[in-house]
1. Starting from the Cα-Cα distance between residue 229 and residue 300, subtract it from 0.36 nm times their residue separation and give me the gain in nm to one decimal.
2. Based on the alpha-carbon gyration tensor of segment 283-367 and its eigenvalue square roots a ≥ b ≥ c, which shape applies: rounded if a/c is under 1.5, prolate if not and a/b is larger than b/c, or oblate?
3. Give me the percent relative contact order of segment 241-436, please, defined on Cα pairs under 8 angstrom at least 6 residues apart.
4. Output the peptides 262-271, 148-157 sorted from most to least packed, where packing is the average of other Cβ atoms within 10 Å over each peptide's residues.
5. Starting from the alpha-carbon convex hull of segment 111-213, give the projected area averaged over all orientations, in nm².
6. Over the Cα atoms of segment 241-436, each weighted equally, I'd like the Debye log10 I(q)/I(0) at q = 0.13, 0.16, 0.18 Å⁻¹, rounded to two decimals.
7. How much length would be gained if the chain were fully extended between residue 56 and residue 70, taking 0.36 nm per residue of separation minus their Cα-Cα distance, in nm to one decimal?
8. Considering Cα pairs under 8 angstrom that are at least six residues apart, work out the relative contact order of segment 109-197 and quote it in whole percent.
């Protein structure tokens with residue numbers, strides 16, 4: 001046999017593989033490339049050239065001049081920046097007064113003689129009480145307090161003069177509306193102090209003439225000739241939440257309806273879809289109702305929510321008719337929708353809509369009686385409060401919730417709210433129809 005045989009194909013391939021790769025193959029591992037990969041080449045971008053300080057200053061100056069020219073071309077921005085803050089400072093600084101004076105007071109005089117008239121003069125000569133009404137029967141006395149027309153009621157008993165002449169103690173009943181705790185505390189303290197002053201004035205001549213000490217009551221204290229029997233109505237514990245929470249309900253409702261309605265139409269104008277609504281096969285009334293009714297439904301749901309929070313969270317019960325409260329809340333919501341529609345006819349952008357809405361909301365908070373009593377405002381500012389719709393709604397809310405007032409008690413405020421609603425919608429519809437045409 002020929003011992004010199006040709007190498008097989010497998011042997012030839014094995015011989016062509018290097019030692020390291022052959023050993024790796026024998027151990028059951030995959031061959032590994034021994035050459036290391038080259039690192040990626042990164043090309044650094046050239047750094048921007050540094051600007052000279054002078055060029056940066058000129059650029060800043062150019063931006064400043066551009067913004068000033070932009071402000072100058074917008075008169076509404078200048079008005080809101082310069083005129084409105086000055087006017088608000090004068091008006092609100094002149095209107096807001098934390099000192100309680102001239103509280104509306106009525107007198108029910110069952111005596112009608114010299115001593116009772118002197119008592120009325122003593123109340124009238126103070127800076128705290130302002131006697132605005134004289135009543136002749138019990139129904140008028142209760143109605144004046146329930147309607148909120150007066151905050152203090154003074155009842156002089158029929159035997160007031162006889163008891164003073166007999167040197168006995170005469171009691172005068174002072175009923176105070178406790179819905180506003182600040183006003184109520186001022187009235188209670190002032191009436192008690194006035195009773196002490198009148199008693200001392202009548203007691204000193206008698207004490208100088210009598211050789212014996214004055215009579216004493218069973219508690220051991222010397223009897224005062226005149227005693228003021230004060231009684232707090234509607235909020236005997238003087239809880240501040242009973243006054244502020246119903247007012248907050250009215251402010252929230254106006255805020256929601258005003259912003260939602262105004263933004264809805266202004267947003268359509270900014271997006272350019274308002275013209276598409278004009279060409280839809282629906283009349284002007286249908287277009288307006290279609291835009292306002294959804295927000296009326298949302299607003300009424302907001303009424304139910306905030307009233308529920310007031311009753312169940314803050315424990316402020318509703319003393320009057322819930323149905324009457326909801327019905328008059330719908331009237332106020334209608335007025336709020338009209339205000340939003342009016343803002344949307346004036347503002348062209350959502351930013352300007354916010355400015356106009358803020359211009360309406362700030363007087364509504366400060367001048368409506370929400371925080372400060374309207375009776376303490378100067379006469380010019382007090383007259384301005386009658387054109388603010390939320391003023392009437394706050395009186396309605398507090399009347400029904402705190403005093404249990406009925407429709408007759410609230411009739412002046414209902415007429416005022418209805419008048420504001422009619423006026424606002426008349427102006428809003430007139431402007432909206434002009435834009436539609």
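Values in this text are rule-based calculations from the coordinates and carry no lab data. Everything numeric in this text was worked out from a predicted model, so none of it was measured. With ideal geometry, Cβ positions are generated from the backbone for all residues, glycine too; neighbour counts draw on all protein chains shown.
1. Working: separation 71, 0.36 × 71 = 25.56 nm, distance 4.35 nm.
So the extension gain works out to 21.2 nm.
2. Numbers: a/c = 2.60, a/b = 1.53, b/c = 1.70.
Taking the square roots of the gyration eigenvalues as a ≥ b ≥ c, segment 283-367 is oblate.
3. Details: 222 pairs, mean separation 65.9, N = 196.
Relative contact order here is 34 percent.
4. Those peptides, ordered most packed to least, come out 148-157, 262-271.
5. On the way: hull surface 29.1 nm².
Projected over every direction and averaged, the Cα hull of segment 111-213 covers 7.3 nm².
6. Calculated log10 I(q)/I(0) at the listed q: -0.70, -1.01, -1.21.
7. Details: separation 14, 0.36 × 14 = 5.04 nm, distance 2.12 nm.
Length gained, residue 56 through residue 70: 2.9 nm.
8. Working: 81 pairs, mean separation 27.9, N = 89.
Contact order relative to length: 31 percent.
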